[in-house]
Amino acid sequence: MKSYQNMSREELLQEKQSLEEAYKEFQKRDLSLNMARGKPSKAQLDLSMDMLTVVDRDTDMDVAVNVDARNYGGLVGIEGARELIASMVDAKPEQVVMGGNSSLNLMFDTVTRGMISGYLGNTPWCKLDKVKWLCPVPGYDRHFAVTEHYGIEMINIPMTEDGPDMDMVEELVSSDPAIKGIWCVPKFTNPQGIVYSDETVRRMAALKPAAPDFRVFWDNAYCVHYLYDEVKIPNILELAKEYGNEDMIFEFVSTSKISFAGAGVAGIVASKANLDDIEKTMTVRTIGHDKLNQLRHAIFFENGAKILDHMKLHADILRPKFEVILETLDRDVKELEIGSWTKPQGGYFITFKSLPGCATRIITLAKEAGMVMTGAGAPFPYHKDPEDAYIRIAPSFPTVEELAVAADLFTVCVRLASVEKLLSC
Ligand SMILES: Cc1ncc(COP(=O)(O)O)c(C=O)c1O
């Protein structure tokens, strides 16, 4: 295969014609494919069905001192659930407060608390003229939606292979007191699947913020979501403690992509001072979360002991899906020099980076041939990808057979959009 970069205009025109024919063949197939959202597949959800029967009328409901799982009370969660969440991120159960069914919900509540009440006695952000937030890009669209919802000014931070550009983060955080937070997905980032290096985690823990209420939002959504071997990163709370920064970290964890998406359990891991602060608001917000679901999770996963074995079952389902996409890209795109892509060792996504100015066109072409992909610009604050180049591929939900077709169609769309672009230059 010859690189498109080295093709003459005539060769490109010829390539365009044959790609248009291939594309029309896909259109005739009346396909209905979806690689848009990172949802577990049915086969993955089936792995946890026994959870629905581990709690029954004979179960001991008095799961911690004075807490009956069926009744109000036990705001911070039952012991087994706190142990489960702690086990996933090498924390201690007493560092965990359980939320409800979603970590995003906990993140939203935590930003809300900064806005309305202020952290640990600091001025609520709603009383300030300006609040800013650092957003490593590409990143998770729903993070950006939370900060956008509150009118917080979002600043793009480029991602490197080791995580966010820490020179830029350090410079901004230490000089601007209006910067109150940073979104981080430290392991298998959404959407690139990058793992922060030990050095990045250490530098993040050692930040010297100008704002006393600056917080690192450490969304460890994919902490145990390995496709191959286990990958360890340092425990940021422990590191932050060494730097006197213990209160600077909020870590979020959930079982959404371990048990049932949207019906799992979630927790926040933080310093004692922060946890006390959180509880003060939580006690107004709810009399308690769903402890029966916490109990189901604690029993099914043996307070965390079974998580890694369970994740291997997920990996067996997910691995071939990632591989079919990656193999197709290697086969049909690699030598053409019209894009690059990540090869994640875990998580839920692959990111394809096209030639500048091609992402919207590729996604439109895919849609018009029956394949829905995450919208161009979605992994950026305000939906604005300055290069119009990043495309998030979510291979978890379709079957391997569907993905094989999806990958073929995707490469045709990438090639066609790239040829059009090169011809227009
Ligand atoms: C990085 C990240 N954080 C959080 C979530 C949502 O998690 P939850 O279901 O616990 O709200 C997702 C879901 O895609 C995610 O990718």
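The values are calculated or read from the model by the stated rules, or taken from the named source; none is laboratory data. Fair warning: this is a prediction, and the values are worked out from it, not measured in the lab. Note that each Cβ is placed from the backbone with ideal geometry, even for glycine, and that neighbours are counted across all protein chains shown. Surface accessibility is based on the protein's heavy atoms, side chains included, excluding ligands, DNA and RNA. Shrake-Rupley method; radii C 1.70, N 1.55, O 1.52, S 1.80 Å.
For this structure, a couple of remarks:
- Fraction of accessible area attributable to carbon and sulfur, the chain (%, probe 1.4 Å): 50
- Contour minus Cα-Cα distance for GLU10 and GLU238 (0.36 nm per residue): 76.0 nm
- Inter-centroid distance (Cα atoms) of region 136-153 relative to region 327-393, Å: 20
- Residues of type lysines that LYS343 reaches as a straight line, Cα spacing below 18 Å, ignoring anything fewer than 8 places off in the same chain: LYS187, LYS232, LYS321, LYS334, LYS353
- Rg/Rg_ref, region 179-311, where Rg_ref = 2.2 N^0.38 Å and atoms are Cα: 1.12
- Of the peptides 394-405, 52-63, the order by per-residue mean of other Cβ atoms within 10 Å, starting with the highest, comes out as 394-405, 52-63.
- The charge dipole of region 61-305, taken about its Cα centre with unit charges on the Cβ of Lys, Arg, Asp and Glu (plus for the first two, minus for the last two), comes to roughly 680 debye.
- Computed over the chain, relative contact order equals 26 percent, with contacts defined as Cα pairs under 8 Å that lie 6+ residues apart.
- Against the chain, whose longest principal axis comes from its Cα atoms, helix 359-368 is set at around 80 degrees.
- Cut-off under 5 Å, modelled amide H: who pairs with VAL372 long-range: LEU33, ASN34, MET35
- MRE, 222 nm, helices only [DSSP H, n ≥ 4, -39500 (n - 2.57), over the chain, to nearest 500]: -12500 deg cm²/dmol
- Two-site label geometry, ASP62 and THR364: point separation in nm, points 7 Å out along Cα→Cβ: 6.7
- GNM top mover of ARG285, ARG392, ARG319 - the chain, alpha-carbon springs below 10 Å: ARG285
- 10 Å-binned pair-distance histogram of region 352-425 (Cα, whole percent): 20, 51, 26, 3
- Using equal-weight Cα scatterers in the Debye expression, the normalised intensity of the chain in log10 at q = 0.08 Å⁻¹ is -0.48.
- Annotation: Cα Rg of region 61-305 relative to the compact-globule expectation 2.2 N^0.38 Å equals 0.97.
- Per residue solvent-accessible surface (Å²) - the chain, probe of 1.4 Å: 43
- Ranking LEU207, LEU422 by solvent-accessible area of protein heavy atoms (1.4 Å probe, all protein chains present), from largest to smallest, gives LEU422, LEU207.
- Peptides 67-78, 148-159 ordered by average Cβ neighbours within 10 Å, highest first: 67-78, 148-159
- The aspartates and glutamates whose alpha-carbon is closer than 12 Å to the alpha-carbon of LYS272, local same-chain residues fewer than 8 away aside, are GLU94, GLU246, ASP247.
- Under 18 Å from LYS180, Cα to Cα: lysines that are on another chain or at least 8 residues apart: LYS127, LYS130, LYS132, LYS208
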